Amino acid sequence: MGPLFDQVEQDDMCGKDNWEQAESALQKQAADKAIEKGGLRKTDLRYLFAGDLLGQLIATSFGTVDLEVPLFGLYGACSTMGEALSLGAMAVNAGYANQVLAMASSHFATAEKEFRFPLAYGNQRPMSATWTVTGAGCVALAGDRKEGLAKITGITTGRMVDMGTKDSMNMGAAMAPAAFHTIEQNLEDFQVNETWYDKIITGDLGEIGRTILLDFMKNKGRDLSELHMDCGMEIYDKEQQDTHAGGSGCGCSAVTLCSYILPKIQDGTWKRVLFVPTGALLSNISFNEGQSIPGIAHAVVIEHIDG
């Protein structure tokens, strides 16, 4: 997917002194690129809805301070891009803002040291583990534009679902039940079946989480095997063995949306998709205390703009 990205950093420190500053730099670059490609000025933006995986959202707060745009800092774990899109679309549709940004980022090194092990420890990762994506994605949402990559036509806000999973190295198992619940709720709310969508795209379930989701859907009489796509399985190729079950992190669905999904909606390859970023709501404290890992998923209906 690399050739689809607007910018690729060869230095994973982004020229900064530490990993956290590097992730902040990614957010700044993504926001600047969205503003540039949207033909906007910073003063055109009413709000910024953004988040990351770090404590106190430090990648977001330090990375976006120079934008001088009112900020809603969000934490939905890896579902943050779906949360940002949902809240941004609601603000625009309600008339509280004309143009806003929605953004999310993650960085392998910052997430690994916060949620798992110090990088120098060199621990062996199980095959169920996913690899946190180092990247940031940002979109501009506007209410009065006739042109654009796509349009948001509906949302289904997820609720927390906890089935008792405690393995922080198996995020797919923790998030799949939430993805299933949100997708089912969306189909019920909109009174449609799964074939209403050209694609149903989850955030970062990976291979294990995808298998669980498809089993849950099959038990409900729904076959998603051809309709379903997972950002965590798309972003890395099969030869990147270190990634094991696939990609994760809120940057995973954000960069896949911006580089791959939206262009396919824009050119009409897909007329309507259900974008469902998924998140595991754990912290290093809750994990060390032996608590289970609740999951959450936010669904956003994204459609092609007819000429």
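Strictly over 23 Å apart at the Cα level, which of Lys16/Lys264; Lys220/Lys271; Lys42/Lys264; Lys113/Lys166; Lys16/Lys113 would you flag in this model?
Numbers: Lys16/Lys264 34 Å; Lys220/Lys271 25 Å; Lys42/Lys264 28 Å; Lys113/Lys166 19 Å; Lys16/Lys113 17 Å.
Lys16/Lys264; Lys220/Lys271; Lys42/Lys264, as the Cα separations exceed 23 Å there.
Among the trypsin sites (Lys or Arg not before Pro) found in the stretch 51-150, those both in a DSSP coil and sparsely packed, with 16 or fewer other Cβ atoms within 10 Å of their Cβ, are Arg145, Lys146.
Is it possible to state the helix-based mean residue ellipticity at 222 nm for the chain, with each DSSP H run of 4+ residues giving -39500 (n - 2.57), the sum divided by total residues, to the nearest 500 deg cm²/dmol? What is it?
Details: 10 runs with 102 residues, N = 307.
It comes out at -10000 deg cm²/dmol, rounded to the nearest 500.
Counting alpha carbon pairs within less than 8 Å and at least 6 residues apart, what relative contact order, in whole percent, applies to the chain?
Working: 707 pairs, mean separation 73.3, N = 307.
Answer for the chain is 24 percent.
Here the chain yields Rg over Rh of 0.94, to two decimals, using C-alpha coordinates and the Kirkwood radius. The tail of the calculated P(r) for the stretch 151-303, taken as Cα-Cα distances beyond 23 Å, holds 33 percent of the pairs. Qualifying chymotrypsin sites (Phe, Trp or Tyr not before Pro) in the stretch 194-299, where qualification requires a DSSP coil assignment and no more than 12 other C-beta atoms within 10 Å, are lacking entirely.
Here Met90 and Ile285 are evaluated by their C-beta separation; at R0 = 35 Å the FRET efficiency comes out at 0.65.
Just checking the listed ones, Gly143, Gly135, Gly206: in the Gaussian network model of the chain with Cα springs under 10 Å, the one fluctuating most is Gly143.
When only C-alpha pairs under 8 Å and at least 6 residues apart count, what is the relative contact order of the stretch 108-221, in percent?
Values: 78 pairs, mean separation 29.3, N = 114.
For the stretch 108-221, the relative contact order is 26 percent.
Starting from the Kirkwood Rh over alpha-carbon pairs, what translational D in µm² s⁻¹ does the stretch 163-227 have by Stokes-Einstein at 10 °C and 1.306 mPa s? This corresponds to a translational diffusion coefficient of 130 µm²/s. Label-to-label distance, Asn98 versus Asp237, with points set 7 angstrom from Cα along the beta-carbon direction: 4.5 nm. In plain terms, if you count all Cα to Cα distances in the stretch 73-147 and split them into 5 Å steps from zero, the share in each step is 3, 14, 19, 18, 13, 10, 9, 7, 4, 3, 1 percent. When you filter the GluC sites (Glu not before Pro) in the stretch 12-118 for DSSP loop state and at most 14 other Cβ atoms inside 10 Å of their Cβ, you are left with Glu68.
Only the coordinates and a few stated rules stand behind these numbers; no lab work does. Every value quoted in this text rests on a predicted model; they were computed, and no experiment measured them. In this analysis, Cβ positions are derived from the backbone assuming ideal geometry, glycine residues included, and neighbour counts consider all displayed protein chains.
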